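As structure tokens, the structure follows; a few thoughts come after it.
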Amino acid sequence: MSLEVPELHIVRPNLGALMPSLSMAPISVVIQSPALLQLIESSYSTNSNSRIIGTLLGSRSDDGSEVEVKDCYIVPHEEDGDEVIIKEYQHKALYQLYKKANPKEVILGWFATSPKIDTLTGLIHDFYSNTEGTKPYPAIHLTVQAFDENSNKIVTPIIGTYVGSEIGATGKLAASLGLEKSGSYFFNPIANRVESDLSEKTALSWVSKASNTESRKVQLPMGTSTELQQLATSVNQIDGLIDNISNYVNKVLSGEIKGDDDIGKFLLSNLTSKPSSISKESLEKAFNTHIQDSLMIEYLASSIKSQLELSAKLTNIIQDRN
Amino acid sequence: MSKVNIELEASVALKIVKNSSDHYPHSVSGPLFGIDLEEDSNTKKVVISHVFSFPNNNSNSNDHHHQEGYSFKLKSNLRFQNEVLDAFKETGLGVKFVGLYLSSIGGRYLTQQVVDSMMQQQALKNENDDNSKVLLLVHDPSKTKNGVLSLRIFKLSEVFVKTCRNGKKFQTTNLIENGLTFKNVLEELPLTIHNSHLVNLKILSSSDESKGEENFESLKLSSTIPTVETTIESLFDSIDDFNYDQNNFNYYQRSLSRELAKINQWKQKRKLENLNKLKQNPNTPESELLSLDESEWSKHFKLPSEPSRYENLIISGLLNNFCNELEVSSANELIKSFSVAKGLDIN
């Protein structure tokens, strides 16, 4: 990415002199999936103003080239013409609380629920770039767009991420020229991606189940048999996949469609695969031992359960008689 | 009985899962915030829209034994909870405290600390004229790692609350009267995940892979073994606790039966004296006979008071949880083992 535009005097946003090792401004933003949903949900907060703004929290990679958004919270503000008042007290109070619960998280920048970049954007960016904010690192700006003004329609939320570069004379130069500088930034779009780990994907699969229903709701299984239900679901899924592939193979065999060599090779190597490093006998033995162990645990659990029942019943009978 | 529908906003579900998986195997906890609405005269709806983590979680302590819910009882956490609520109110969020979440492995969530703090929070709620129930959301991160989402929500059962209110507390007669057993201290409630429109749009537009649609983690052989091991260890620890408590109770029962035997002896003696009196003079008026009433013997003997059954109740419930978990995971393992063995053409 090129920050040097010949016509403009742009200071690299990282204040490199203070932190010589950090020569890079963030070039990509990772948004953790819980934070993504939280950002989208914050669009629903009622605010008399056109947009809702808030603080982004998370962590930076060692070289500062990547930031990870983990949390966010709304900060109330008022917009009036070309002035903006940010409720600094609330911002600080919530930050302190987040800091207590997650000592490693720092302020990364801010978000707004409007894709517009205007004069106020610069002013708010100023607020987040100061010493209480992200200094000496440059602040990032994230936009959540859920409304398309051209078509006047609600759209699938679009996330935009920017890093601001100060424009014009800064620091000593600005002071010596007697310039009062605030909110002059060049917002450079940077890449963002959403990440979710295995556990989050497990949760997302349920969120996605809810998304396919009319009411946008899904009931979670109750009781302890969740695992068995999940097992049944997975087995059914596998069953479906096997059906698919066998249909495909049948079609290829009957000459209906042309077979794909890669699929054929893959099937050939996987269907015939058998453990070769271990003899059949020892494998059989290992399986039997494993099954015996599992049975043993089941037996242990059920006998303790009966003991518990028995103990509770006996105590009740004896105490009642006395 | 009014019905309660509990809805968990998608972001809260994800946040809890993320946070507790990040700290696994340590337990994390925190307050849940939301709103409740009257859907109609019979149905209430609770929407859980925000979640926070407590600053002091169990992970700081080295003692691994019996500490689920330990963080709930810390004053600093309670203060933190109120500060968060105040901060939310100042930013214009109309939410209130609805319950607590806890990440807990293998059914370990049922402890005295958890139950005590739910009662305490309930009392605080009632003081503020809020009659909604304190909820406990339990997430098992060990299962989520295997592709099984285990999010369950509980409240203190009606019978438990009734038993507590009764002056006799946790005495056997009171337990029997109210039908309270170790199985119904907590009552599970149905829980739904709810997507807002915008979240729904975003999810629908994202790829299948990123949504975790194809998730076959739960099919892996032996995926539950580490959890089974820790559960069995906790099971043995809890059995020791159970026996300790049971010994106290047995001690009480022994001294009770000793006292009862003494009273019987005393009653026999008096009966004999009465008989002798009647033999000498069959017309002895009843008022001159020695009384066998309780009011009389309680002057001479004192029955030991019954120890509270509370601890026994909770530990039994905990043991029952462990056993249920073990039964399910070994059944799970057996199914997988048999089918894999069949697939490999052995057995």
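The values are calculated or read from the model by the stated rules, or taken from the named source; none is laboratory data. Remember, predicted model here, so these are calculated numbers, not experimental data. Cβ: placed from backbone, ideal geometry, glycine included. Neighbour counts: every protein chain shown.
When region B:105-153 is examined, which residues are found to be in contact with a helix residue (DSSP H, G or I) (Cβ under 7 Å, 6 or more places away or on another chain), aliphatic (A, V, I, L, M) and free of Cβ contacts under 8 Å to residues at least 40 places away in the same chain?
Answer for region B:105-153, where residues must be in contact with a helix residue (DSSP H, G or I) (Cβ under 7 Å, 6 or more places away or on another chain), aliphatic (A, V, I, L, M) and free of Cβ contacts under 8 Å to residues at least 40 places away in the same chain: just B:V134.
For B:K73, are the conditions met, namely being farther than 30 Å from B:I225 by Cα and either at pLDDT below 80 or in contact with an Asp or Glu (Cβ under 7 Å, 6 or more places away or on another chain) (or both)?
Working: farther than 30 Å from B:I225 by Cα: yes; either at pLDDT below 80 or in contact with an Asp or Glu (Cβ under 7 Å, 6 or more places away or on another chain) (or both): yes.
Yes; evaluated as a whole, the condition is true for this residue.
Give all pairs with beta carbons closer than 6 Å in which a residue from region A:241-263 that is farther than 22 Å from B:N215 by Cα and surrounded by 10 or more Cβ atoms within 10 Å (Cβ to Cβ) meets a residue that is of a type in the set (G, A, S) and modelled with pLDDT under 90; count only pairs at least 6 apart in sequence or on separate chains.
Note: pairs meeting the criteria are A:V252/A:G259.
With B:E311, B:E296, B:E306, B:E273 as the choices, which residue is part of a helix (DSSP H, G or I) and under 36 Å from the mean Cα position of the chain (by Cα)?
Working: B:E296 fails: under 36 Å from the mean Cα position of the chain (by Cα); B:E306 fails: part of a helix (DSSP H, G or I); B:E273 fails: under 36 Å from the mean Cα position of the chain (by Cα).
Checking each option against the conditions leaves just B:E311.
Got a number for residues in region A:65-88 being under 17 Å from A:I40 (Cα atoms) and touching a His at 6+ places or on another chain (Cβ under 8 Å)?
Looking only at that region, the number is 1.
Within region B:317-336, track down each residue that is of a type outside the set (A, V, I, L, M, F, W, C), surrounded by 24 or more Cβ atoms within 10 Å (Cβ to Cβ) and within 30 Å of B:Q253 (Cα to Cα).
Hit for region B:317-336 is B:N321, nothing else.
For region B:284-303, check the following and say yes or no: at least one residue is exposed (fewer than 11 other Cβ atoms within 10 Å of the Cβ) and either in contact (Cβ under 8 Å) with a residue 12 or more places away in the chain or within 12 Å of chain A (Cβ to nearest Cβ) (or both).
yes
Going through region B:3-41 one residue at a time, which ones are of a type outside the set (K, R), more than 10 Å from chain A (Cβ to nearest Cβ), more than 27 Å from A:S45 (Cα to Cα) and in contact with a strand residue (DSSP E or B) (Cβ under 6 Å, 6 or more places away or on another chain)?
Across region B:3-41, the qualifying residue is only B:S27.
Residues of region B:314-341 being under 20 Å from the mean Cα position of the chain (by Cα) and without any contact (Cβ under 8 Å) to a residue 40 or more places away in the chain, which ones? Working first, answer last.
Restricting attention to region B:314-341, the residues satisfying the condition of being under 20 Å from the mean Cα position of the chain (by Cα) are B:314-328.
Matches in region B:314-341: B:E327, B:V328.
Evaluate region A:283-297: report whether one residue or more is surrounded by 13 or more Cβ atoms within 10 Å (Cβ to Cβ) and among the β-branched types (V, I, T).
Scanning region A:283-297, I find at least one residue that is surrounded by 13 or more Cβ atoms within 10 Å (Cβ to Cβ) and among the β-branched types (V, I, T), so the answer is yes.
Each row is one residue, and each column tells you yes or no for (1) in the same structural domain as B:S298 (by TED's automatic domain parsing); (2) modelled with pLDDT under 90.
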{"site": "B:K211", "(1), (2)": "no, yes"}
{"site": "B:T224", "(1), (2)": "no, yes"}
{"site": "B:L235", "(1), (2)": "no, no"}
{"site": "B:I239", "(1), (2)": "no, no"}
{"site": "B:Y252", "(1), (2)": "yes, no"}
{"site": "B:E259", "(1), (2)": "yes, yes"}
{"site": "B:I263", "(1), (2)": "yes, yes"}
{"site": "B:K267", "(1), (2)": "yes, yes"}
{"site": "B:L272", "(1), (2)": "yes, yes"}
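For region B:167-188, name all the residues that are among the charged types (D, E, K, R) and closer than 16 Å to A:L310 by Cβ.
Here is the first cut: in region B:167-188, the residues among the charged types (D, E, K, R) are B:168-169, B:177, B:183, B:187-188.
Correct list: B:K183 only.
Tally the residues that are under 22 Å from B:V148 (Cα atoms) and of a type in the set (K, R), restricting the search to region B:5-45.
2
State whether the residues of region B:157-170 include one that is away from every other protein chain (no Cβ under 11 Å) and on the phi > 0 side of the Ramachandran plot. Walk me through how you get there before you give the answer.
Step one: of region B:157-170, the residues away from every other protein chain (no Cβ under 11 Å) are B:157-170.
Now narrow it down to the ones that are on the phi > 0 side of the Ramachandran plot: B:169.
Yes, there is a match, as at least one residue in region B:157-170 is away from every other protein chain (no Cβ under 11 Å) and on the phi > 0 side of the Ramachandran plot.
Scan region B:107-164 residue by residue and report those that are closer than 28 Å to B:E327 by Cα and of a type in the set (G, A, S).
Matches in region B:107-164: B:G107, B:S142, B:G147, B:S150, B:S157.
Could you look through region B:86-98, keep only residues that are surrounded by 21 or more Cβ atoms within 10 Å (Cβ to Cβ) and facing chain A (nearest Cβ under 9 Å), and pick out the one that is farthest from B:L186 (Cα to Cα)?
By that ranking, first place goes to B:A87.
B:S207 passes all but one of (1) facing chain A (nearest Cβ under 7 Å); (2) without any contact (Cβ under 8 Å) to a residue 60 or more places away in the chain; (3) closer than 27 Å to A:I238 by Cα; which number fails?
With respect to (1) facing chain A (nearest Cβ under 7 Å); (2) without any contact (Cβ under 8 Å) to a residue 60 or more places away in the chain; (3) closer than 27 Å to A:I238 by Cα, B:S207 is out only on (1).
Okay, residues lined up against (1) crowded, with 18+ Cβ neighbours inside 10 Å; (2) modelled with pLDDT of 85 or more:
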position: B:E83; (1), (2): no, yes
position: B:L100; (1), (2): yes, yes
position: B:S104; (1), (2): yes, yes
position: B:D116; (1), (2): no, yes
position: B:Q122; (1), (2): yes, yes
position: B:E127; (1), (2): no, yes
position: B:L136; (1), (2): yes, yes
position: B:K145; (1), (2): yes, no
